[in-house]
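The values are calculated or read from the model by the stated rules, or taken from the named source; none is laboratory data. Remember, it's a predicted structure, so these values are computed and weren't measured experimentally. Here the Cβ is made from the backbone with ideal geometry for all residues, glycine too, and neighbour counts use every protein chain on show. SASA here: full protein model, heavy atoms, side chains in, ligands and nucleic acids out. Shrake-Rupley method; radii C 1.70, N 1.55, O 1.52, S 1.80 Å.
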Amino acid sequence: MRRYHVTTFGCQMNQHDSERMKGMLESLGYSETDSRDDADVILFNTCSIREAADNRLVAHLGHAKRLKSERPDRIVGVGGCWAQSVKDEVFARFPFVDVAFGPGQVHKLAEFLTSDSLTAQGFFEFEGFTGHLPAKRARDFQAWVQISIGCNCVCSYCIVPSTRGREVSRPPGELVCEVERLAADGVREVTLLGQNVNSYGRDLRGDERASFAELLARLDAIDGIERIRYTSPHPKDMREDVIRAHAELPSLCEHIHLPLQSGSTAVLKRMRRTYTRERYLDRVAMIREHVPDCALTTDIIVGFPGETEADFEQTISVAEEVGYDGAFTFIFSPRRGTEAATLRDQVPHPVKVERLERLVEVIQRRARERAQRFVGRSLEVLIEGPSRTDATRLRGRSRHNKVVNFAGLGSSGDMVEVEITSATSQTLAGTESLLARAAH
Ligand code: SF4
């Protein structure tokens, strides 16, 4: 049996696409190997968000080159956003690569592998949902569900619209069927994926037309699905009906990831984020009004071209005011092919680093303060496996998407009640409620 090995870089959408790549390969009779050295088909699902991603990929491709030179019959394939961003240049730069394909062309890999083509081939059209392919899920009880592809926004620092194309939503009926199949297959938690999930449905017509809030309600009604999450929403499209859904739909989790990027309206304008600091804080206030206990996380870029100390102070004050439960913080790095890479007033690197340190201090302090609200409470936790820091303890996630490490008797996929005894900015700690276990 021929074996494959997949290396995945980047976001949840790439993790989803890799699960589909594996499912497709296994439907062709391939089996997975954990060691690239033992693989007959060596695949990379690439990211192109930051230059750094490219440099890491080049190192991995060096290893594939060596393996290919040892056994020329091996197939080396490069998929994902980086492949889409450079297209046929892949072969010019890495002549040992046999097949390259964009995020919308994963299915072409099957065609290539089943054809007796001897020449290298590239597939870069924006068509097709990888969500239509069979999936090999990393966990039986959790699943990614791709609800749309592409993005119609034009954020000046982002390459995604050019690597994933325009927004196309999957029909709601198709998504309901997929989630029903997943529930029948033992999945308890689904995460809906899109570059901009809350603009879902705007391109759908006639009977198929449905808003994101309507889609959430239809998926909430499916038996067996106990938790629904989604990523990534855009603040400009965070409407009241979606926020109310978090208060009304039992399976929709109390966590919203709402990327801020900057707290300065002037910087947001140069980022082409199409919302202001005031609009963003208005959405946060509405979330806190309808779902007071909702966990809020975010993405913030520090050191965007032209960012002054005063602009940065605006970001710090939003972080102080909102009190995020967590945040992904990034130093701006110019991405070739984006508008922001050509902007004047690039911020010196030492200034970016110093600002990032100040921001992280505020984020962690506020997150620690916010996390104390869970101490003394009993939280429902979906067990994901053993704790990463102590093998005698278990690890799981609360509905707020907080990581919980605890002493307990459960196993992966179990939903248990945990008494929270302490909280840091990152994780909660506790003990499984044996009373609740006995009651179940
Ligand atoms: S919303 Fe902006 S940052 Fe997000 S994928 Fe679209 S263009 Fe990129």
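Can you tell me which residue is nearest to E254 (Cα to Cα) among those in region 398-416 that are part of a loop (DSSP other than H, G, I, E, B) and open to solvent by 20 Å² or more (accessible area, probe 1.4 Å)?
Top of the filtered list is R399.
Check R395, R388, R377, R368 and return the single one that is touching a strand residue (DSSP E or B) at 6+ places or on another chain (Cβ under 6 Å) and open to solvent by 60 Å² or more (accessible area, probe 1.4 Å).
Unique residue meeting the criteria: R377.
Which members of region 247-278 meet the condition of being surrounded by fewer than 18 Cβ atoms within 10 Å (Cβ to Cβ), touching a residue at least 12 places away in the same chain (Cβ under 8 Å) and away from the ligand (no atom under 16 Å from the Cβ)?
The answer is A247, L249, P250, E254, T265, A266, E278.
Does at least one position in region 167-187 carry a residue that is more than 16 Å from the ligand (Cβ to nearest atom), open to solvent by 30 Å² or more (accessible area, probe 1.4 Å) and on the phi > 0 side of the Ramachandran plot?
Within region 167-187 (the criterion being more than 16 Å from the ligand (Cβ to nearest atom), open to solvent by 30 Å² or more (accessible area, probe 1.4 Å) and on the phi > 0 side of the Ramachandran plot), the answer is yes, since at least one residue qualifies.
Which residues, taken from region 293-351, are among the acidic types (D, E) and more than 14 Å from R270 (Cα to Cα)?
D293, D299, E309, E313, E320, E321, D325
Here is a check on your reading of the model: is C155 farther than 21 Å from E19 by Cβ and modelled with pLDDT of 95 or more?
Taking the combined requirement at face value, the residue satisfies it.
Do we have any residue at all in region 207-216 that's within 16 Å of the ligand (Cβ to nearest atom) and surrounded by 19 or more Cβ atoms within 10 Å (Cβ to Cβ)?
yes
For the structure I just gave you, tell me whether L67 is over 21 Å from F123 (Cβ atoms), touching a helix residue (DSSP H, G or I) at 6+ places or on another chain (Cβ under 7 Å) and open to solvent by less than 10 Å² (accessible area, probe 1.4 Å).
Judged against the criteria, L67 is a match.
Give the residue, chosen from R388, R399, that is on the phi < 0 side of the Ramachandran plot and modelled with pLDDT under 95.
Result of the check over R388, R399: R388.
Considering every residue within region 133-146, establish whether at least one is of a type in the set (S, T, N, Q), surrounded by fewer than 19 Cβ atoms within 10 Å (Cβ to Cβ) and within 21 Å of S199 (Cα to Cα).
no
So for region 319-326 (the condition being out of contact with any Pro (no Cβ under 8 Å at 6 or more places or on another chain), open to solvent by 30 Å² or more (accessible area, probe 1.4 Å) and not assigned by TED's automatic domain parsing to the domain that holds I222), does at least one residue qualify?
Yes, because at least one residue in region 319-326 is out of contact with any Pro (no Cβ under 8 Å at 6 or more places or on another chain), open to solvent by 30 Å² or more (accessible area, probe 1.4 Å) and not assigned by TED's automatic domain parsing to the domain that holds I222.
Across region 156-166, which residue is nearest to the ligand (Cβ to nearest atom) among those that are open to solvent by 30 Å² or more (accessible area, probe 1.4 Å) and not polar (S, T, N, Q)?
My answer is C158.
Are there any strands (runs of 3 or more DSSP E) wholly within region 48-155 with 1 or more residues that are within 16 Å of the ligand (Cβ to nearest atom), and if so which?
Qualifying strands (runs of 3 or more DSSP E): 75-80, 142-146.
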